[in-house]
Structures are given as C-alpha cells and as structure tokens.
Amino acid sequence: MWCRRLAGLLKVQCLQSGSTGHRSLWLPRDSRTVLTAATRWHHTAPESLKCAWQLHGDHLELRYANTLMRFDFVWLRDHCRSASCYNAKTNQRSLDTASVDLGIKPKAVRVDETTLFLTWPDGHVTRYGLEWLVKNSYEGQKQRVMHPRILWNAEIYHQAQVPSVDCRSFLETDEGLKEFLQNFLLYGIAFVENVTPTKEDTEILAERVSLIRETIYGRMWYFTSDFSRGDTAYTKLALDCHTDTTYFQEPCGIQVFHCLKHEGTGGRTLLVDGFYAAEQVLQQAPDQFELLSKVPLKHEYVENVRDCHNHMIGVGPVLNVYPWNNELYLIRYNNYDRAVINTVPYDVVHRWYAAHRTLTAELRRPENELWVKLKPGKALFVDNWRVLHGREAFTGYRQLCGCYLTRDDVLNTARFLGLQA
C-alpha cells in the first residue's frame, strides 16, 4: 500500500474552482498579448492542448495540465533560468533578487506548445517550460508530497514482509544500499543482518549512509543499565514509546541500534509508526490534529551525573507539517522529557491535553505496536522523526551500541541513488 501522504491530507482543493472573485476571461492558448498598444501578436494552436492564460495587475494566471496556477510577476522575473540569471553549472541563482523592481510587469507574453515566453521592460526574455511551471508552482506543490511513505501498524508491516539487507551487500553494492534506503524511506525502519557485533563494525555500517552526528552522548555510544547518564533509558525499566532528543532544537533524524550482548530475559524493542497513529487522529478528530500541529511546547533535558552537566531545551509542536500541503514530516513525542507547559494559554491548554490523549491512545493501541527482539548481528535504523521506539523491562546484562545520523546526509545518499527523498 502506497501512501502519498496521511489520509485526509490527500484531499486537495479543486484547483479549477479556485476563483479569487474576479471574472476571468481565458484567452486561447497561443494567443499573444502585448502590454503596449503599439504591437499585436497573433498565433493559433490546437484547442486540445488545453492551455489558457490571463494577465492581471500583479500576476499571471495560467491553466495547464488541469492545474490553475498564479504567478507573481516578481517571482517570474526572479526565477529566470537564462544564462545571465542562473548558473546551470552550479545550479545557483546569479540574479540579484533585491535588484528586481517590485512593481515589474512583463512587456509581452507569449505561449507556444511547451513554453511560456516573457519579455521584460529592459528587453530581457525569460522562458519557462510549462511542465516546469506545473512542477514548481505553489498549486503544483500542493498536489505533491515531499516524502512518499507506506504507513503501517503491526499487521501491515508483517504482511509486507519487508526484507532485511545483508551487511556485505549493504556495504559493497549500490543495489544493496538502495534496497535498504528504499525500505527505510517507505517504512521509517530498516534492518541490516550479519553485522559483526562490535561498536567499530556498527560505525562502519552507519558511515555507509551518513555522517554520524556527535551529540552530548558522544559520537558512537555504548548503552547499558548502569545509569551512567541522567536518563531512564540507562536502567532496566520498561520505556513507553517516544522519539529521542525532543529537547534539541532539531531532533536527531536517524538512530542506529545494535544489540551486542544480552544475558537475561525481556528487553524487546517496541516500534510504532507515529505517522500512522497521527493519520487516525486526523480521520477521527481533525481539529485535534490541527491543534497538535500548531501549539508549541518545550522539551527539556537536565543532567547532573558524574561529569555530565547538560541543560537542553527544544521547542516545537508535537506534529510538524509542511504548511503548503499539510504533509506531516516530524513527530516530537516524549512524555518523559516534556517540560512545564508554559507556552499555551489557559483557554487552549485543556483542549491540547484532550488532543494529546487522543494521539497517545492511538500510539498505545496493541495493534499498532511492532515488537522486535534485537540480537547480535542485526542492526536497526529508525527514522526518529517518524517512528517511536520503546522497550520492555529486562533482566541481566544487556549492552547496545549505536549513534545518531544526520538526516540531511541520509536523504542525500538516497537522492544520489535515484530515490525520492
């Protein structure tokens, strides 16, 4: 099951009905309009191409590929891809945006079968492919998702039979790496098998996809129940599902876990797709989803253990969405580390508690919980912006190693291999 965004977020307003209140007079697709009375352009194109456009006081309105688009004149000048305005070798803008007259208007406009031509008052000509405009318009972006995903509960994930990737294939072939990254991008978790159970080999694994993010916990860390850090995770207690480093201004993007040794019982790892749970909230209580996406909270980490002295504060809503298409991209959920709620007025905070309760109930549904027994040789990569993790209590000696990865570099590796990320 492919999910191009959370159900409900797929509902895009019909762009063709997006009238702004003025009366539109659509011109045939290849009619040419000149803003001066001195010159008149004429051209005819097949009506089947279904393209029309109209000029307004400060913008161009264009209908193409069943999309109604509106482009500000400054935007049209600023995004010119001519050699004098854009360096195609570096993919960087050369035009000084601040030099563009905010009252600029094109002197002439022409549209042929594939291209929009704009002539500016200084004689400069800008050309845009119509397909490029559809892809890069605001209206076009509202119909697209940044990150295609498959949302899952335990049953969906088991039925998908997502394969683990062998360590050697992962390290030595682009095909193995690409398969791993595709699984990770779609599901938010991915496994690598037959890894030598050492911190050094786990580090080599992590560096295959990204730079390792050094934090207050170091670069690569060992993890056991010695309470060496001021965190409940360094005990043998059960942990409710949560995302890590919510107290960072930008929570860590990916977490790597590798169990090196466990001499005892219990200790299974809990995984929950936070986006799947959020989708259920969106369907059942859209007002609560909206509240969770707009109310900012503080998360805090205060530590004074041995030589570790830290006070971290991160601020943001529980659910983070792209405002142009309402696509969820980050969940910041950790009841252990949530600070005093002093950023929410009294007449909102009770409604926030109700919305938080609804989301928490979804996250804790048994059918949404995927339980995995981590063993030496099997490394787990978790999208910390999407998938919550926890564990059951355990006995005996249990040692994990792992690290955090920079999200930008993981996505960069995926795009280099041709994946949408």
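Modelled label positions at residue 173 and residue 357, each set 7 Å beyond Cα in the direction of Cβ, lie 5.3 nm from each other. 3J(HN,Hα) couplings calculated from phi for region 309-319 with the Karplus curve 6.51 cos²θ - 1.76 cosθ + 1.60 (θ = phi - 60°) are, in sequence order, 10, 9, 9, 9, 9, x, 10, x, x, 5, 10 Hz; Gly and Pro show x.
Placing unit charges on the Cβ atoms of the charged side chains and taking the dipole of region 154-417 about its Cα centre, the candidate lying farthest along the positive direction among 395, 321, 277 is 395. Taking amide hydrogens as placed 1.01 Å from N in the peptide plane, the amide H of residue 386 sits under 5 Å from those of 331, each at least 5 positions away in sequence or on another chain. Ranking 118, 128, 188 by Cα position along the charge dipole of the chain, where only Lys, Arg, Asp and Glu carry charges on their C-beta atoms, puts 118 farthest toward the positive end.
For region 121-154 versus region 168-228, the inter-centroid distance based on Cα atoms is 33 Å. Across all directions, the average projected area of the convex hull around the alpha carbons of the chain is 25.6 nm². With R₀ set to 56 Å, the beta-carbon distance separating residue 141 from residue 397 gives a calculated FRET efficiency near 0.65. Peptides 273-279, 380-386, 394-400, 105-111 ranked from most to least packed, by the mean per-residue count of other Cβ atoms within 10 Å: 273-279, 380-386, 105-111, 394-400. Here the chain is treated with +1 on each Lys and Arg Cβ and -1 on each Asp and Glu Cβ, and its dipole about the Cα centre works out to around 920 debye. The value obtained for region 52-142, namely the Cα convex hull volume divided by the number of residues, is 105 Å³ per residue.
What does the extension gain come out to for residue 308 and residue 265, with contour length at 0.36 nm per residue minus their alpha carbon separation?
Details: separation 43, 0.36 × 43 = 15.48 nm, distance 3.02 nm.
Using 0.36 nm per residue and subtracting the Cα-Cα distance, I get 12.5 nm.
Listed peptides 307-320, 69-82 appear in the order 69-82, 307-320 once ranked by packing, highest mean of other Cβ atoms within 10 Å at the front.
In debye, nearest 20, what is the charge dipole magnitude of region 270-352 about its Cα centre with +1 on Lys and Arg Cβ and -1 on Asp and Glu Cβ, if you could check? Before the final figure, lay out each step's value.
Working: 6 positive and 10 negative charges, 34 e Å.
With Lys and Arg at +1 and Asp and Glu at -1, about 160 debye.
With respect to the chain, whose longest principal axis is taken over its alpha-carbon atoms, helix 174-187 is tilted by about 90°. Between amide H atoms placed 1.01 Å from N, distances below 5 Å from residue 213 occur with 404, 405, 406, all of them 5 or more places distant or on a separate chain. Between 102, 247, 86, the Cα set farthest toward the positive side of the dipole of the chain (charges on each charged residue's Cβ, about the Cα centre) is that of 102.
Counting only other residues whose beta carbon sits under 11 Å from that of residue 344, what net charge do I get with K and R as +1, D and E as -1? Walk me through the intermediate numbers first.
Working: positive: 294, 298, 351; negative: 347.
Local charge sum for residue 344: +2.
Pairs over the 23 Å Cα-Cα cut-off, from the set 199/261; 107/142; 142/294; 50/105; 105/142: 107/142; 50/105; 105/142. Placing +1 on each Lys and Arg Cβ and -1 on each Asp and Glu Cβ, with no other charges, gives region 52-142 a dipole about its Cα centre of roughly 180 debye. With Cα atoms defining each centre, region 352-421 and region 239-263 are spaced 7 Å apart in the structure.
Cross-link partners for residue 89 among the aspartates and glutamates, with Cα-Cα distance under 20 Å and sequence neighbours closer than 8 places in the same chain left out: 78.
By the helix-only formula, in which each DSSP H run with n ≥ 4 contributes -39500 (n - 2.57) and the sum is divided by residues, the chain has a 222 nm mean residue ellipticity of -7000 deg cm²/dmol.
Read-outs throughout are calculated quantities, based only on the coordinates presented, and are distinct from any laboratory measurement. Since the model is a prediction, treat every value here as computed from it, not as a measurement. Note that each Cβ is placed from the backbone with ideal geometry, even for glycine, and that neighbours are counted across all protein chains shown.
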